[in-house]
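Student: Quick one: structure below, then a few questions.
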């Protein structure tokens, strides 16, 4: 008995992403950012995207390619301080940015992936980030109701995948990838190495295959994945 | 800030990192406290991007492209290091597993309020993990110059900028003094060597409780 094979070519996988789609991008800085999938998204050019990523990468990398190409209308992130273009576009009104506290962003995505509607937290109470949000009381403590955050697509980067889409992430390249892989209607994973089913020990699977829809092999790893020299 | 005053402040903050602690050091000045920590001491450094047990920084030549800390520096694993996703990383923070966090400040108030992420209209790169660190670490230390570049106090009666978290700060380390937030108010506990007490009082934008007798220096 074999499990389904999710292998796809990068062009047809990304062709599913339509104008106006919401797209989650894994990564925290460079590690875990699916640069090749983003590059293909730029090549195909769907517009008016809502991008959900921890950060906006740096100028000339990843999210910045989409911004430069005018494909992003809204960005949901925790911090964009390393990308001067993103900040300038936000200040000029060319880009709508929703800032979410980093752990709340992670949890809103995780909750969506867990099939739940939201969660209650006291994080941000007494600060401007609580303004306009629904408040509820749980066991006598008032908190903010944070809604689940899902997306039409998630693009994630794994070090190793098997053909069923079981994923293994390297070191700190895990970050938002396993959360986003669970939270989208369609998850497209790129992997540096694709192995036969059975070659990743079941105990070492970080993202189980049922969460992955399309699997793209990276034949070579462009320089953008490498060590950044500042 | 003079570099020796700065080094003194970093060295003083480092003394409050104790064996057995799990610690998160904010990006920028707080990270530099590490240069003054005895690295043979048994502590667990946490990084928001999913590391418990952050090891020494590496040069680009030695670096693992997949292993950065939350500030983007290439770091190394040590015996006992673990990696996890961002939800688990902030579960560690919110559930009170951090014994100490050291953070920077735009403004800090005598009641422990902290403002360190946004200057409306001038600086708004996003909040990152600051709110959760400030609100949920068991102990919060702030490293800051006592005054801004124009000489205005950064330690105030009340913050004027939007808060990161209310009543979260326990201790302030500045280039001039160490101050503790207490129920009675902000208490001066130590003074930098060679700094005059009246200068500290004048540079502070809120009432300081000054204990009787000589103050310890650092």
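Each reported figure results from applying straightforward, stated rules to the coordinates on display, with no laboratory input. Being a predicted model, the structure only gives us computed values, none of them experimental. Quick reminder, even Gly has a Cβ in these numbers, built from the backbone with ideal geometry, and neighbours come from all protein chains shown.
Student: Could you tell me which of rounded, prolate or oblate describes region B:10-84, using a ≥ b ≥ c as the square roots of the eigenvalues of the alpha-carbon gyration tensor, with rounded for a/c under 1.5 and, failing that, prolate when a/b is larger than b/c and oblate otherwise?
Tutor: Details: a/c = 1.72, a/b = 1.41, b/c = 1.22.
Because a/c hits 1.5 or more and a/b exceeds b/c, region B:10-84 counts as prolate.
Student: Let me ask you something else. Write down the percent of antiparallel bridges among all DSSP beta bridges whose residues are both part of region A:121-220, to the nearest 5. Present the calculation step by step, with values, prior to reporting the outcome.
Tutor: Working: 8 of 22 bridges.
Around 35 percent antiparallel, to the nearest 5.
Student: So, one more: Label the protein assembly as shown by shape, choosing from rounded, prolate and oblate, from the square roots a ≥ b ≥ c of the eigenvalues of the Cα gyration tensor; if a/c is under 1.5 it is rounded, and otherwise prolate applies when a/b is larger than b/c, oblate when it is not. Spell out each step's value before the answer.
Tutor: Details: a/c = 2.07, a/b = 1.80, b/c = 1.15.
Prolate, because a/c is 1.5 or more and a/b exceeds b/c.
Student: Given a Förster distance of 35 Å, report the FRET efficiency between residue B:197 and residue B:38 from their Cβ-Cβ distance, rounded to the nearest 0.05. Mind showing how you got there, number by number?
Tutor: Details: r = 31 Å, r/R0 = 0.89.
My answer for the efficiency is 0.65.
Student: Return the FRET efficiency for the residue pair residue A:12, residue A:59: r is the Cβ-Cβ distance, R0 is 25 Å, and the value is rounded to the nearest 0.05.
Tutor: Numbers: r = 30 Å, r/R0 = 1.22.
The calculated FRET efficiency here is 0.25.
Student: Moving to a separate point now. Within region B:3-209, what percent of beta bridges assigned by DSSP are antiparallel, to the nearest 5?
Tutor: Working: 21 of 37 bridges.
If I count the DSSP bridges inside region B:3-209, around 55 percent turn out antiparallel.
Student: A further question on this structure: Using only C-alpha atoms and all pairs of different ones, pull out the Kirkwood radius for region B:3-209 in Å with one decimal. Walk me through the intermediate numbers first.
Tutor: Working: mean 1/r = 0.0569 Å⁻¹.
Mean inverse Cα-Cα distance, inverted, gives 17.6 Å.
Student: Angle between the Cα long axis of helix B:3-14 and the longest principal axis of chain B, 0 to 90 degrees, nearest 10?
Tutor: 70 degrees
Student: Kindly put A:211, B:123 in sequence by how many other C-beta atoms sit within 10 Å of each C-beta, fewest to most. Present the calculation step by step, with values, prior to reporting the outcome.
Tutor: On the way: A:211 20, B:123 12.
Taking fewest neighbouring Cβ atoms as first place, the list is B:123, A:211.
Student: Ranked by Cβ crowding within 10 angstrom, fewest neighbours first, how are A:153, A:99 ordered? Don't skip to the end; give the middle numbers.
Tutor: On the way: A:153 26, A:99 21.
Going from least to most buried by this count: A:99, A:153.
Student: Relative to the longest principal axis of chain A, what angle (0 to 90°, nearest 10) does the C-alpha long axis of helix A:102-113 take?
Tutor: That helix lies at roughly 60 degrees to the long axis.
Student: Sticking with this one: What does the C-alpha gyration tensor say about the overall shape of region A:112-159? Classify as rounded when a/c is under 1.5, otherwise prolate if a/b is larger than b/c, or oblate. Don't jump to the answer; show the numbers that get you there.
Tutor: Working: a/c = 2.72, a/b = 2.12, b/c = 1.29.
Prolate, since a/c reaches 1.5 and a/b exceeds b/c.
Student: If each residue of separation counts as 0.36 nm, what is the full-extension length gain between residue A:88 and residue A:73 once their alpha-carbon separation is subtracted?
Tutor: Details: separation 15, 0.36 × 15 = 5.40 nm, distance 1.38 nm.
Result: 4.0 nm gained on full extension.
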